[in-house]
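Notes follow the structure.
The values are calculated or read from the model by the stated rules, or taken from the named source; none is laboratory data. Quick caveat: nothing in here was measured; it's all calculated off a predicted structure. A quick note on method: Cβ atoms are made from the backbone with ideal geometry, for glycine too, and the neighbour counts reach across all protein chains shown. For the accessible areas, the whole protein counts, side chains as well, though only heavy atoms, and no ligand, DNA or RNA atoms are used. Shrake-Rupley method; radii C 1.70, N 1.55, O 1.52, S 1.80 Å.
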Amino acid sequence: DCSSASVLYFIVFILIVFLHSTTDVGCMLLTLRCVEEQEKAMALGFIQVAISLFANVPCPIVFGSLIDAACIHWA
């Protein structure tokens, strides 16, 4: 049954998104405290570029393949 795999997928997805959102502010504060005053804007920009390249670009591809692999029988 495809519905049980979908429910499990969404539960795991919501848990991961919740855990990620709780660390977002802490990572930004840590970055702002660890760099010098004149380099704070560059550090935040670099982190956003790195997140975009290594997380936001491959994420839809990986999650799409997981959804496709979760259910063999499509209605």
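Only one of [x] 69; [y] 81; [z] 117 was calculated from the structure for volume of the Cα convex hull per residue in Å³, and its label is [y]. Loop-located GluC sites (Glu not before Pro) across the stretch 12-75 with a Cβ neighbour count of 14 or fewer within 10 Å are GLU36, with loop assigned by DSSP. Distance between the 7 Å Cα→Cβ label points at SER65 and CYS27: 2.2 nm. Counting only protein heavy atoms and using a 1.4 Å probe, the accessible area of CYS34 comes to about 100 Å². Per residue, the accessible area of the stretch 15-75 comes to 87 Å², computed with a 1.4 Å probe over protein heavy atoms only. Computed with a 1.4 Å probe over protein heavy atoms only, the accessible area of MET28 comes to about 100 Å². Given a 1.4 Å probe and the protein chains as shown, SER65 ends up with an accessible area of around 60 Å².
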